[in-house]
Amino acid sequence: MTDTLDPENWTQTRAAAHRMLDAALDKIEHATEGPVWQPLPDDLKQALQAPLPQQGAGVAAMQARAQTLLPYGVGNTHPRFFGWVHGAGAASGLIAEIAASAMNANLGGRDHGAIYVEKQVVDWVRQMFGFPDVASGLVVSGTSMATIIALKVARENALGLATRSDGVGAHRLVGYASSQAHNCVARAFDLLGLGAGALRSVPVNAAYEMDQSALAEMIAQDRAKGMQPFLVVGTAGSVNVGAFDDLEALADLATKQDMWLHVDGAFGAAGVLSETLRPRLKGVERADSLAFDFHKWLHVNYDAGFVMVRDGAAHLATFSSRPDYLQAAGRGLAAGNPWPVEYGPELSRGFRALKIWAQLVEHGTDKLGAMISKNCAQARYLARLVQDQPALTLLAPVASSIVCLRYGDSDVVNGEIVMRLQESGIAAPSVTTLDGKTAIRVNITNHRTRNCDLDLLVDEVVRLGKSLT
């Protein structure tokens with residue numbers, strides 16, 4: 001037994017690594033084949049309930065066991081994964097993750113190569129969205145974390161930096177978001193001590209976009225009650241139907257009302273690269289903060305989110321804290337200031353930026369944008385298929401890549417159709433509720449999806465619907 005965790009036999013380890021790499025590449029290469037989703041078999045579930053190992057089984061056994069998991073993911077690499085908004089991943093992410101794992105870098109700070117990759121990504125995001133050079137950014141796990149970071153900067157902007165030590169006190173802050181906004185906004189209010197009840201839910205119009213008149217009236221009513229409206233959240237790509245709020249109008253209102261404009265662009269913000277969706281994102285460049293995910297419509301492998309704040313100095317002041325053991329230095333390993341930890345809550349941070357960098361370097365923004373435009377065209381194609389089927393109803397306008405449809409009039413039947421599609425492995429849409437009705441929700445954020453996949457989906461929905469009624 002060696003006195004390190006390094007292999008005793010590097011040849012054996014290389015062989016195991018190559019087997020794993022080949023299996024992983026096979027998984028990606030053949031992602032269009034087989035069932036979309038299948039449950040983990042009972043024998044594998046049982047094997048994953050083993051006691052804590054005291055003696056190691058070796059690299060070959062570990063690799064073989066890990067490889068057995070490959071067919072049993074959530075299914076989002078498959079072209080007929082239509083549930084929720086998951087990106088499909090790409091081979092570039094696998095290659096980048098190998099390098100990142102070998103480096104094992106902590107991107108909380110210090111002066112090393114990985115930090116410069118993240119700085120490059122931040123600068124590229126500034127360029128993508130037209131933010132000023134003074135804007136700051138941070139790679140994070142996802143939009144949920146990005147929203148917490150952005151709204152903390154907004155909170156301190158409203159209450160002052162003393163909040164960092166004194167707490168929020170008897171604040172009367174209130175914010176506003178569409179009734180279609182993602183729940184991560186309310187969760188951020190909760191976690192930041194503002195209370196989820198301080199987030200007002202603004203009604204939407206027939207296109208599921210925030211009602212601007214209702215918003216203005218709600219702000220006026222809250223001011224009259226002595227509340228302090230400080231934040232408005234614009235949604236760029238709502239989860240239910242893919243709708244986009246009017247960001248230009250919200251930017252005008254935020255300026256007039258002296259409020260912070262945050263844009264939740266979890267998947268829709270990537271549309272800035274698409275000729276189809278770019279007009280819907282007019283005004284995003286005026287936002288005070290932006291949260292979005294690279295792991296959704298830009299297909300960077302999970303997880304890879306991003307937060308950008310227009311006022312980089314305010315962002316830094318909100319989080320910067322350098323105790324004695326993290327002292328800054330002008331040279332050596334502790335240089336490279338300010339550190340990423342000064343822009344968010346995490347000191348231990350993986351090298352997520354490398355897979356983002358790799359995706360942009362390999363494919364470029366033109367191709368990534370074209371994939372987004374393709375998905376939007378496919379959503380319109382699916383909507384036409386639905387409208388051509390007498391038994392199917394389109395429940396909402398198609399704003400981007402999400403189509404909500406319904407078979408007949410039974411909520412139970414529509415829910416069962418989705419369950420049977422998932423369990424059969426044919427397709428994996430999800431269920432949502434629109435205007436009190438159960439909807440079959442089809443999201444297309446997958447570069448592998450083909451029109452024939454949508455033809456099959458509609459045929460199967462109709463077939464199952466008939467068999468259930």
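The values are calculated or read from the model by the stated rules, or taken from the named source; none is laboratory data. Given the structure is predicted, the values throughout are model-derived calculations rather than measurements. Using ideal geometry, Cβ is built from the backbone for each residue, glycine included, and neighbour counts are taken over all protein chains shown. Accessible surface is based on the protein model in full, side chains and every heavy atom, while ligands, DNA and RNA are left aside. Shrake-Rupley method; radii C 1.70, N 1.55, O 1.52, S 1.80 Å.
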Can you give the extra length, in nm with one decimal, that the chain gains between Ala47 and Leu326 once fully stretched, where that is 0.36 nm per residue apart less the Cα-Cα distance? 96.2 nm
Per the Kirkwood definition applied to all pairs of different Cα atoms, how many angstroms is the hydrodynamic radius of the stretch 1-158? 19.9
Order these peptides, 5-11, 112-118, by their mean beta-carbon neighbour count within 10 angstrom, highest first. 112-118, 5-11
Could you do me a favour and compute the accessible area per residue for the stretch 1-148, 1.4 Å probe, result in Å²? 58
In whole Hz, with x marking every Gly and Pro, tabulate ³J(HN,Hα) for the stretch 117-127 from phi via Karplus 6.51 cos²θ - 1.76 cosθ + 1.60, θ = phi - 60°. 5, 5, 4, 5, 4, 4, 5, 5, 5, 3, 5
Say each of Lys367 and Tyr116 gets a label point 7 Å from the Cα, pointing the same way as Cα to Cβ; how far apart are those two points in nm? 2.5
Would you work out which of Ala216, Gly167, Ala243 lies farthest towards the positive end of the dipole of the stretch 158-251, given +1 charges on the beta-carbon of Lys and Arg and -1 on that of Asp and Glu, about the Cα centre? Gly167
Keeping every protein chain present and rolling a 1.4 Å probe, give me the accessible area per residue for the stretch 244-326 in Å². 34
Can you tell me the order of 306-315, 324-333, 53-62 when each peptide is scored by its average per-residue count of other Cβ atoms within 10 angstrom, highest first? 306-315, 53-62, 324-333
Above-threshold pairs, the threshold being 19 Å between Cα atoms, out of Lys119/Lys152; Lys119/Lys355; Lys296/Lys374; Lys296/Lys355: Lys119/Lys152
Assign unit charges at the C-beta atoms only (+1 for Lys and Arg, -1 for Asp and Glu), then state the dipole size of the chain relative to its Cα centre in Debye, rounded to the nearest 20. 220
With every atom except the alpha carbons ignored, what do you get for Rg and Dmax of the chain, in angstroms? 23.9, 74
Please sort 384-397, 138-151, 33-46 by packing, taking for each peptide the average over its residues of neighbouring beta carbons within 10 angstrom, highest first. 138-151, 384-397, 33-46
Kindly write out, for the stretch 456-465 in residue order, the coupling ³J(HN,Hα) from the Karplus curve 6.51 cos²θ - 1.76 cosθ + 1.60 (θ = phi - 60°), rounded to whole Hz, with x marking Gly and Pro. 4, 4, 5, 4, 6, 4, 5, 4, 5, x
Residue by residue, what Karplus-based ³J(HN,Hα) values in Hz, rounded to whole numbers, does the stretch 175-185 have, using 6.51, -1.76 and 1.60 with θ = phi - 60° and x for Gly and Pro? x, 9, 8, 4, 5, 9, 5, 5, 5, 4, 5
Using a probe of 1.4 angstrom, how much of the accessible area of the chain is carbon and sulfur, in percent? 53
Quickly estimate the mean residue ellipticity at 222 nm for the chain, helices only: each DSSP H run with n ≥ 4 gives -39500 (n - 2.57), and the total goes over all residues, rounded to 500. -13500 deg cm²/dmol
The summed charge of the Ala50 Cβ neighbourhood (under 13 Å; Lys/Arg +1, Asp/Glu -1) stands at +1
